[in-house]
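Visitor: Shown below is the structure under consideration.
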Amino acid sequence: MRIFIILILALILTTIGFSNLFSVSYGWTSRLDRQLISVFLGIILLSALQFIDFNHLIKYAPLGYLFGLFTLLVIPFGGGKEIYGAVRWINIGNFQFQPSEFAKVFLIMMLSYVFKIEKRSLLKFIIGFMLFAVYALLVYIQPDLGTSLVMLAIFLIMVLISEIPIKYIGILLLIVTLLMPFGWFALKDYQQARLLVFLNPGLDPGGIGYNLKQALIAVGSGKFTGKGFLKGTQARLGFLPVPQSDFAFASILEEGGFRLGILIIMSIAFLLILTISLINNPFSLAGKLVVAGVFGMLAFESFVNIAMNIGLVPVVGLPLPFISYGGSAMVKNFVSLGLIISACKKSKLRRLDVSI
Amino acid sequence: MEIRIKQIIIILITILIITSFAWRLYTLQIVKGDEYLELSEKNFLRNLPIPAPRGEIYSQEGEILARDTLSYVVSVVPSDVVDIDRTVIFLSSTLEVPVDKIMETLSDTSTPFYYPRPIAVGAPIEKVLKVKVRESDYPGVKVEMYPVREYLRKSTFAHVTGYVQEIDLKDLQNLSLIGYTPGDRIGKAGIERKYEAYLKGEKGERIFKVDASGKDRTLLNETLPEKGNSITLTISSFLQERAEEVMKDINGALVIMNPKTGEILSMVSNPTFDPGYFIKGLTPSIWADWNKKNVLVNRAIQGQYPPGSTFKPFVGLSALESKKINDKFVVNCTGSIIAGRRTFKCWIYPGGHGNVDMREALAVSCNIFFFTVAQELGIDMLAKYVRQYGFGEITGVDLLSEATGLVPDTSWKLEKKNEPWYLGDTLNAGIGQGFLLVTPLQMAVMYSFLANGGQLVTPYLVNEIHSPKGDLIYSASPKLKNVMLSSKNLNIIKDGLRRSVTRGGGLSPLNELPIEVSAKTGTAQTHAGGKPHLWISAYAPSNDPEVVIVLLAEKSDFEFAYYLAPYMKKIFEAWLEYKSNILNH
């Protein structure tokens with residue numbers, strides 16, 4: 001039942017995102033075709049996952065991780081396609097896909113696998129951290145800070161749910177804090193600038209703070225009822241940047257207003273709470289960890305994207321799950337829901353199996 | 001830690017984050033919604049004003065003195081320009097406008113960069129066509145038709161109509177609240193300034209929707225401009241033209257006025273200027289010449305001069321009214337007077353007039369008589385009376401920047417000059433010299449006061465205002481203020497003024513006219529050896545005056561005022577012709 005509601009909520013969010021895509025594209029364009037194909041592909045993969053035994057599936061996690069590693073490595077070796085100053089896409093024939101999106105799923109699977117088979121806590125933690133760090137670093141150099149932060153979120157929440165002592169996280173956080181000043185220098189110029197602008201929006205109103213300012217105008221000007229479908233001026237006249245993906249939330253709130261905004265954040269809240277509530281269903285630790293990882297991924301992406309749209313965190317290029325335009329992300333979202341369903345289903349069938 | 005506890009903590013954090021989002025949405029969309037809506041509208045709405053045609057200014061006869069005509073204006077929208085250097089060079093070479101001037105106009109930050117900025121107004125059609133055919137090669141360059149002011153009679157009515165100019169920063173600061181925007185025209189002087197609110201009309205507006213690049217424009221709404229009201233003056237084209245002809249060699253001012261109503265039939269100030277230069281552009285050499293000659297000053301209302309002997313009737317009237325003397329009062333003029341311990345000589349008529357009474361003293365303009373009378377009165381009493389007759393205060397004519405003139409008294413001198421008042425000052429005041437100052441229009445009002453039997457009249461230039469549809473929205477009515485006065489005393493003065501024409505002296509040319517004229521000359525010394533200001537103030541017909549004429553020659557080459565009598569005669573002839581024209585219609 002909960003799974004059913006999760007799917008319904010996901011479809012509602014997908015529909016809202018699709019309507020927004022229609023609005024900001026000024027009607028039906030090839031982008032909508034692609035988005036629709038991605039949704040169908042995602043749902044087909046989600047359904048297909050139901051026919052594969054979860055415990056069988058998890059055995060292929062190392063293979064998946066290696067495949068993900070390969071696709072991420074293609075980019076630094078010149079196989080990628082540059083969009084918006086970053087190289088995040090790979091072309092295969094007519095199709096483009098974004099390896100970093102699928103890498104998140106491979107990471108969730110791989111961490112579940114490792115946390116399950118390795119018994120020693122410290123080793124678990126160190127191996128897990130290494131697996132995460134390799135992916136995150138490759139994504140970071142694309143450059144895609146947002147996705148590496150998502151991976152961090154996935155790693156942390158899975159460590160939290162696994163039986164690893166929480167003090168390890170504490171120690172890790174301590175090391176990170178001590179390295180923070182060096183971290184500032186590791187940030188790219190534009191990332192430093194974004195952070196500074198966020199901390200002080202008046203710093204550069206015409207320049208880099210422009211996106212933040214226009215997003216706030218879009219959201220605020222929607223007022224209670226919104227400007228109406230196809231009537232958003234901020235998004236449709238080009239004042240709001242990337243209104244189909246990173247700033248889709250602002251674009252939707254401009255046309256749909258406070259009412260629709262509340263509907264969306266409530267839907268997301270229910271989707272996330274229902275997801276985390278499923279954590280007791282899978283009997284295997286691996287299943288629990290997959291649920292936790294998917295929750296971490298969806299929660300972090302949703303929270304950071306919305307917070308960025310309403311000026312609560314710096315501008316970070318993260319899509320809003322199910323709503324933002326982007327084929328790879330859409331497929332990834334439905335596949336990750338498929339994994340949850342798969343994990344829960346298997347546990348019911350093997351309720352009496354205590355060997356994990 | 002139990003997994004269930006972790007789960008609950010995660011759920012609580014999720015709820016907390018979502019709640020903070022809801023609160024933030026409430027703040028942005030509900031609390032500050034209107035503010036952001038306004039910001040979003042500012043983002044995409046562009047308002048471009050459409051200038052309104054100004055109303056016309058007509059003379060009394062209905063001749064158009066000032067009107068708007070459509071003229072070609074080459075303008076540039078800075079935000080649309082692709083290649084600024086190429087565009088500026090093209091415009092500069094085609095229109096012969098200096099590069100610096102174009103750059104200055106384009107980089108002016110007081111208007112938004114999407115506003116068209118005029119580069120050339122009313123340029124010759126062949127130059128405009130050269131720009132027009134290349135419009136598409138130079139994005140941002142536009143050739144449009146705009147209303148442009150035209151002054152059809154050039155310098156003849158310049159000081160009356162005034163002129164319009166593009167609004168300057170100072171005016172803009174004061175007037176932006178009532179809708180003025182940069183680039184608007186505004187009346188800068190004369191009727192154009194005083195009646196700006198009536199003449200200007202209502203600007204129209206085009207509202208465009210633009211995208212973030214500002215290039216793609218869609219017209220959302222258009223309000224058409226409304227034409228301003230038209231103004232009909234009391235000034236007669238016929239009289240003004242004739243007066244200008246008479247005055248062509250005289251620097252100074254001329255006012256022709258109806259003493260019963262205050263209608264100004266003619267107002268001339270020399271030297272004059274062509275207001276058209278303000279529209280098509282002033283060259284530095286013309287501007288320098290104008291500044292040197294002070295051409296923009298309307299001498300009829302802004303020029304202040306000592307009245308000289310034209311003041312004597314008011315000294316006489318004050319003395320009679322104060323009962324210090326009566327009409328039997330006689331002075332034996334020997335050509336000099338001993339006042340205090342000093343002897344004052346009459347430099348005009350040192351031989352002496354013998355026994356003179358008030359009427360004779362006015363007729364011969366006897367200085368000794370008025371020295372004596374002034375001494376009897378004292379300055380403070382004199383000042384009190386002449387102020388009642390309107391001296392030292394603006395006339396209230398419907399023009400701005402009118403000068404007040406000056407009536408001195410003991411406290412004035414102590415305050416302004418930090419000196420006591422001397423008897424000599426009183427004697428000087430008695431013959432209209434010294435500190436006294438009067439404008440020619442004040443003089444006309446004063447003589448109207450004598451002419452109409454003791455009523456202070458407010459002079460005016462605007463007779464009627466009509467809406468663009470032709471509805472009458474304003475019609476002048478005479479404003480007269482009665483001053484308590486003995487008509488017997490007034491008649492004594494008027495007798496004197498009539499006799500100064502009939503007695504056969506310098507004013508005798510006026511006696512050749514087919515009507516009875518009363519008049520008084522005034523020769524006001526400026527400084528020792530300087531050229532005098534000359535006055536003739538006159539009214540006619542003497543028994544029931546219909547017209548007052550005041551002529552002032554500033555620093556004249558003539559020695560005495562009565563040399564102006566032939567000029568005055570010509571003006572009376574013009575007025576008689578004007579009057580018969582009216583009667584024949």
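The values are calculated or read from the model by the stated rules, or taken from the named source; none is laboratory data. Keep in mind the model is a prediction, meaning the values are calculated, not measured. All Cβ positions, even for glycine, are placed from backbone atoms using ideal geometry, and neighbour counts span all protein chains on display. For accessibility, only protein heavy atoms count, side chains too; no ligands or nucleic acids. Shrake-Rupley method; radii C 1.70, N 1.55, O 1.52, S 1.80 Å.
Visitor: If the requirement is being touching a residue at least 24 places away in the same chain (Cβ under 8 Å) and surrounded by 24 or more Cβ atoms within 10 Å (Cβ to Cβ), which of these qualifies: B:Y578, B:Y567, B:Y539, B:Y562?
Guide: Working: B:Y578 fails: surrounded by 24 or more Cβ atoms within 10 Å (Cβ to Cβ); B:Y567 fails: surrounded by 24 or more Cβ atoms within 10 Å (Cβ to Cβ); B:Y562 fails: surrounded by 24 or more Cβ atoms within 10 Å (Cβ to Cβ).
On inspection, the qualifying residue turns out to be B:Y539.
Visitor: Let me ask something additional. Find the residue count for segment A:215-246, including only residues that are part of a helix (DSSP H, G or I), at the interface with chain B (Cβ under 9 Å from one of its Cβ atoms) and either open to solvent by 40 Å² or more (accessible area, probe 1.4 Å) or modelled with pLDDT of 90 or more (or both).
Guide: So the count comes out to 7.
Visitor: Mind checking whether some residue in segment B:108-121 is basic (K, R) and facing chain A (nearest Cβ under 9 Å)?
Guide: Step one: filter segment B:108-121 for residues basic (K, R), giving B:117.
If we keep only those that are facing chain A (nearest Cβ under 9 Å) as well, we get none.
Checked against the condition, which is being basic (K, R) and facing chain A (nearest Cβ under 9 Å), segment B:108-121 yields no hits at all.
Visitor: Here's a follow-up. Could you pull out the residue among B:K345, B:K328 that is over 25 Å from B:T502 (Cβ atoms) and charged (D, E, K, R)?
Guide: Answer to the selection: B:K345.
Visitor: Against the condition away from chain A (no Cβ under 14 Å), hydroxyl-bearing (S, T, Y) and part of a strand (DSSP E or B), how does B:T272 come out, does it pass?
Guide: Taking the combined requirement at face value, the residue does not satisfy it.
Visitor: Tally the residues that are in a helix (DSSP H, G or I) and away from chain B (no Cβ under 14 Å), restricting the search to segment A:153-194.
Guide: 23
Visitor: Moving on to the next point. Inside segment B:398-450, can you point out the residues that are touching a residue at least 40 places away in the same chain (Cβ under 8 Å), hydroxyl-bearing (S, T, Y) and more than 30 Å from B:H159 (Cα to Cα)?
Guide: If the condition is that a residue be touching a residue at least 40 places away in the same chain (Cβ under 8 Å), hydroxyl-bearing (S, T, Y) and more than 30 Å from B:H159 (Cα to Cα), then B:T426 is the only one that fits.
Visitor: Can you find, within segment B:293-319, the residue that is surrounded by the most Cβ atoms within 10 Å (Cβ to Cβ) among those that are within 14 Å of the chain's Cα centre (by Cα) and assigned to a helix (DSSP H, G or I)?
Guide: Out of the qualifying residues, it is B:A300.
Visitor: Would you be able to tell me the number of residues in segment B:156-195 that are farther than 14 Å from B:D68 by Cα and modelled with pLDDT of 90 or more?
Guide: 13
Visitor: Based on what the data block shows, is B:R4 more than 9 Å from every other protein chain (Cβ to nearest Cβ), among the basic types (K, R) and either open to solvent by 80 Å² or more (accessible area, probe 1.4 Å) or under 31 Å from the mean Cα position of the chain (by Cα) (or both)? Lay out the reasoning, then the answer.
Guide: On the way: more than 9 Å from every other protein chain (Cβ to nearest Cβ): no; among the basic types (K, R): yes; either open to solvent by 80 Å² or more (accessible area, probe 1.4 Å) or under 31 Å from the mean Cα position of the chain (by Cα) (or both): yes.
For B:R4, the condition - more than 9 Å from every other protein chain (Cβ to nearest Cβ), among the basic types (K, R) and either open to solvent by 80 Å² or more (accessible area, probe 1.4 Å) or under 31 Å from the mean Cα position of the chain (by Cα) (or both) - is not met.
Visitor: Take segment B:542-559 and flag every residue that is within 15 Å of B:E516 (Cα to Cα) and surrounded by fewer than 14 Cβ atoms within 10 Å (Cβ to Cβ).
Guide: Filtering segment B:542-559 for residues within 15 Å of B:E516 (Cα to Cα) gives B:542-549.
Of everything in segment B:542-559, those that are within 15 Å of B:E516 (Cα to Cα) and surrounded by fewer than 14 Cβ atoms within 10 Å (Cβ to Cβ) turn out to be B:N543, B:D544.
Visitor: Which condition does B:T156 not pass, out of (1) assigned to a strand (DSSP E or B); (2) in contact with an Asp or Glu (Cβ under 6 Å, 6 or more places away or on another chain); (3) farther than 20 Å from B:S467 by Cα, if it passes all the others?
Guide: Looking at each condition in turn, B:T156 falls short on (1).
Visitor: Now for a different question. Limited to segment A:247-262, what total is found for residues that are within 11 Å of chain B (Cβ to nearest Cβ) and either outside any helix (DSSP H, G or I) or among the aliphatic types (A, V, I, L, M) (or both)?
Guide: Adding up the residues that qualify gives 4.
Visitor: Among the numbered conditions (1) within 14 Å of chain A (Cβ to nearest Cβ); (2) surrounded by fewer than 18 Cβ atoms within 10 Å (Cβ to Cβ); (3) touching a helix residue (DSSP H, G or I) at 6+ places or on another chain (Cβ under 9 Å), tell me where B:L16 comes up short.
Guide: (3)
Visitor: I'd like the residue in segment A:154-167 that is touching a residue at least 24 places away in the same chain (Cβ under 8 Å) and open to solvent by 40 Å² or more (accessible area, probe 1.4 Å) and, out of all such residues, is nearest to B:I8 (Cα to Cα).
Guide: A:L160
Visitor: Criterion first (open to solvent by 80 Å² or more (accessible area, probe 1.4 Å), over 19 Å from B:E63 (Cα atoms) and either more than 16 Å from the chain's Cα centre (by Cα) or at pLDDT below 95 (or both)) does B:D211 satisfy it? Before you say what the answer is, go through the steps one by one.
Guide: Numbers: open to solvent by 80 Å² or more (accessible area, probe 1.4 Å): no; over 19 Å from B:E63 (Cα atoms): yes; either more than 16 Å from the chain's Cα centre (by Cα) or at pLDDT below 95 (or both): yes.
No; evaluated as a whole, the condition is false for this residue.
Visitor: I would also like to ask the following. Check segment B:320-338 and report whether any residue there is small (G, A, S), exposed (fewer than 14 other Cβ atoms within 10 Å of the Cβ) and not in a helix (DSSP H, G or I).
Guide: At the first step, the residues of segment B:320-338 found to be small (G, A, S) are B:322, B:335-336.
From what is left, the residues that are exposed (fewer than 14 other Cβ atoms within 10 Å of the Cβ) are none.
No, there is no match, as no residue in segment B:320-338 is small (G, A, S), exposed (fewer than 14 other Cβ atoms within 10 Å of the Cβ) and not in a helix (DSSP H, G or I).
Visitor: If I filter segment B:32-90 down to residues being within 14 Å of chain A (Cβ to nearest Cβ) and open to solvent by 60 Å² or more (accessible area, probe 1.4 Å), which single residue comes out as nearest to B:V143 (Cα to Cα)?
Guide: Among those that are within 14 Å of chain A (Cβ to nearest Cβ) and open to solvent by 60 Å² or more (accessible area, probe 1.4 Å), it is B:K42.
Visitor: Quickly run through segment A:266-284 and pick out the residues that are at the interface with chain B (Cβ under 9 Å from one of its Cβ atoms) and in contact with a helix residue (DSSP H, G or I) (Cβ under 7 Å, 6 or more places away or on another chain).
Guide: Selection gives A:I268, A:A269, A:L272, A:I273, A:I276, A:S277, A:I279.
Visitor: A further question on this structure: Taking segment B:135-159, which residues are closer than 24 Å to B:D108 by Cβ and surrounded by 15 or more Cβ atoms within 10 Å (Cβ to Cβ)?
Guide: B:Y138, B:P139, B:G140, B:V141, B:K142, B:V143, B:Y146, B:P147, B:V148, B:R149
Visitor: Kindly establish whether A:L203 is at negative phi and at pLDDT 80 or above. Give the derivation first.
Guide: On the way: at negative phi: yes; at pLDDT 80 or above: no.
It is false that A:L203 is at negative phi and at pLDDT 80 or above.
Visitor: How many residues does segment B:160-186 contain that are β-branched (V, I, T) and open to solvent by 20 Å² or more (accessible area, probe 1.4 Å)?
Guide: So the count comes out to 2.
Visitor: For segment A:20-35, give me each residue that is surrounded by 15 or more Cβ atoms within 10 Å (Cβ to Cβ) and part of a helix (DSSP H, G or I).
Guide: Across segment A:20-35, the qualifying residues are A:N20, A:L21, A:F22, A:S23, A:V24, A:R31, A:L32, A:R34, A:Q35.
Visitor: Under 7 Å by Cβ, and 6 or more places apart or on different chains, what pairs join a residue from segment A:59-76 that is in contact (Cβ under 8 Å) with a residue 60 or more places away in the chain with one that is part of a helix (DSSP H, G or I) and acidic (D, E)?
Guide: Pairs that qualify, where the first residue is in contact (Cβ under 8 Å) with a residue 60 or more places away in the chain and the partner is part of a helix (DSSP H, G or I) and acidic (D, E): there are none.
Visitor: Okay, moving on. Can you give me the number of residues within segment B:124-141 that are under 18 Å from B:V77 (Cβ atoms) and in a loop (DSSP other than H, G, I, E, B)?
Guide: Counting residues in segment B:124-141 that are under 18 Å from B:V77 (Cβ atoms) and in a loop (DSSP other than H, G, I, E, B) gives 4.
Visitor: Any idea which residue in segment A:303-317 is surrounded by the fewest Cβ atoms within 10 Å (Cβ to Cβ), counting only those that are at the interface with chain B (Cβ under 9 Å from one of its Cβ atoms) and part of a helix (DSSP H, G or I)?
Guide: For segment A:303-317, the residue satisfying everything is A:A307.
Visitor: Going through B:Y163, B:Y146 one at a time, which residue ends up being more than 18 Å from the chain's Cα centre (by Cα) and of a type in the set (F, W, Y)?
Guide: Values: B:Y163 fails: more than 18 Å from the chain's Cα centre (by Cα).
So the residue among B:Y163, B:Y146 that is more than 18 Å from the chain's Cα centre (by Cα) and of a type in the set (F, W, Y) is B:Y146.
Visitor: Can you pull out the strands (runs of 3 or more DSSP E) entirely within segment B:413-482 that have at least 1 residues that are in contact with a helix residue (DSSP H, G or I) (Cβ under 9 Å, 6 or more places away or on another chain) and surrounded by 17 or more Cβ atoms within 10 Å (Cβ to Cβ)?
Guide: B:455-457, B:462-466
Visitor: So which residues in segment B:529-585 are of a type in the set (D, E) and at pLDDT 90 or above, if there are any at all?
Guide: Hits for segment B:529-585 are B:D544, B:E546, B:E554, B:E573, B:E577.
Visitor: Specify the residue that is nearest to B:L224 (Cα to Cα); the eligible residues are those in segment B:98-118 that are of a type in the set (A, V, I, L, M, F, W, C) and modelled with pLDDT of 85 or more. First the steps, then the outcome.
Guide: From segment B:98-118, those of a type in the set (A, V, I, L, M, F, W, C) are B:99, B:102-103, B:106, B:113; that's our starting set.
Applying the additional criterion that residues be modelled with pLDDT of 85 or more yields B:99, B:102-103.
On the way: B:V99: 34, B:I102: 29, B:M103: 31 Å.
Only one residue tops the list, namely B:I102.
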